[in-house]
Amino acid sequence: MTKLPQRFIFDGAFGTYYTSLYGSHEICELANLYHGERVQRIHKEYVDAGAQAIKTNTFSIMRLKEECSEETWQNLIYAAIKHAKAIAKDKVIVFADLGPLEEHQDGNDYIEVIDIFLKAGITHFLFETLTSNVGVVEACDHIKQNCFDAVVMISYAVNVDGYTRK
């Protein structure tokens, strides 16, 4: 298992940065297939700036699950992994980045994408900007059952009172 340092610096706001660089308002995960050089450029900039971990460009992948064919959706994930690994090499850790589920999705939807990450050798996971814990416990159980040494981090988006929208 990888020992994480006491202070840990991630990349961040990939989609916001992508939009500022390229003026595109399309979901930036689509760039994994159509503009891989852009994805790798952003990963490289974060590593060069001192990030100790980079996240796969998959924050909105759960949203795209219903907007793409199954094959395209899986190809987006594999391409995101390939781009992150190409830049990370042995310098930084690659985390699978998973944003919130859509209203009608559940833990099984997370499990499907987790299996793709595990198959590709990704053992670090970040569930980020969540507003509820729907599916998270099941997802974490699945990760640990299939990769005991996996690292899982979870962050929630909360207001000033410490509550989420939900």
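The values are calculated or read from the model by the stated rules, or taken from the named source; none is laboratory data. Since the model is a prediction, treat every value here as computed from it, not as a measurement. Quick reminder, even Gly has a Cβ in these numbers, built from the backbone with ideal geometry, and neighbours come from all protein chains shown. Just so you know, the surface numbers come from the protein's heavy atoms only, side chains and all, with ligands and any DNA or RNA stripped out. Shrake-Rupley method; radii C 1.70, N 1.55, O 1.52, S 1.80 Å.
For the stretch 1-77, just say rounded, prolate or oblate: build the C-alpha gyration tensor, square-root its eigenvalues into a ≥ b ≥ c, call rounded for a/c under 1.5, and beyond that prolate if a/b exceeds b/c, oblate if not. Each step should come with its number before you reach the end.
Working: a/c = 2.35, a/b = 1.48, b/c = 1.58.
Because a/c hits 1.5 or more and a/b fails to exceed b/c, the stretch 1-77 counts as oblate.
Relative contact order for the chain using alpha-carbon pairs under 8 Å, separation at least 6, rounded to a whole percent? Before the final figure, lay out each step's value.
On the way: 243 pairs, mean separation 32.0, N = 166.
Dividing the mean separation by the residue count of the chain yields 19 percent.
About the Cα centre, and with charges only on the beta carbon of Lys, Arg (+1) and Asp, Glu (-1), how big is the dipole of the stretch 85-144? Nearest 20 debye, please. The partial results should precede the final answer.
Details: 5 positive and 11 negative charges, 112 e Å.
Using only the charged Cβ atoms, the result is roughly 540 debye.
Let's test the formula: R0 of 30 Å, r as the Cβ-Cβ distance of K166 and H25. What FRET efficiency results, to the nearest 0.05?
Details: r = 26 Å, r/R0 = 0.87.
Taking R0 as 30 Å, the efficiency between K166 and H25 is 0.70.
Can you classify the stretch 1-149 as rounded, prolate or oblate using the Cα gyration tensor, where a ≥ b ≥ c are the square roots of its eigenvalues, rounded means a/c under 1.5, and otherwise it's prolate if a/b beats b/c and oblate if not? Let's see the in-between values first.
Numbers: a/c = 1.57, a/b = 1.10, b/c = 1.43.
Verdict is oblate for the stretch 1-149.
Given the whole protein assembly as supplied and a 1.4 Å probe, what does the accessible area of K91 come to in Å², nearest 10?
Using a 1.4 Å probe on the heavy atoms, I get roughly 130 Å².
Return one whole number: the accessible area per residue of the chain in Å², for a 1.4 Å probe.
Working: 8900 Å² over 166 residues.
On a per-residue basis, the chain sits at 54 Å².
In deg cm²/dmol, rounded to 500, what helix-only [θ] at 222 nm does the chain give when every DSSP H run of at least 4 residues adds -39500 (n - 2.57) and the total is split over its residues? Please report the intermediate quantities before stating the final value.
On the way: 7 runs with 73 residues, N = 166.
That calculation yields -13000 deg cm²/dmol at 222 nm.
How much length would be gained if the chain were fully extended between V137 and Y78, taking 0.36 nm per residue of separation minus their Cα-Cα distance, in nm to one decimal? Present the calculation step by step, with values, prior to reporting the outcome.
On the way: separation 59, 0.36 × 59 = 21.24 nm, distance 2.42 nm.
Using 0.36 nm per residue and subtracting the Cα-Cα distance, I get 18.8 nm.
Using the crude model of +1 on Lys and Arg Cβ and -1 on Asp and Glu Cβ, and no other charge, please compute the dipole size for the stretch 7-166 relative to its Cα centre, in debye to 20. Mind dumping the intermediate values first?
Working: 15 positive and 23 negative charges, 141 e Å.
The calculated dipole for the stretch 7-166 is roughly 680 debye.
Rounded, prolate or oblate: pick one for the stretch 66-111, where a ≥ b ≥ c are the square roots of the eigenvalues of its C-alpha gyration tensor, a/c under 1.5 means rounded, and failing that, prolate if a/b is larger than b/c, else oblate. Please report the intermediate quantities before stating the final value.
Details: a/c = 3.54, a/b = 1.75, b/c = 2.03.
Taking the square roots of the gyration eigenvalues as a ≥ b ≥ c, the stretch 66-111 is oblate.
Run the dipole for the stretch 40-133 about the Cα centre, Lys and Arg Cβ at +1, Asp and Glu Cβ at -1, nothing else charged, and hand back the magnitude in debye, nearest 20.
That gives a dipole near 680 debye.
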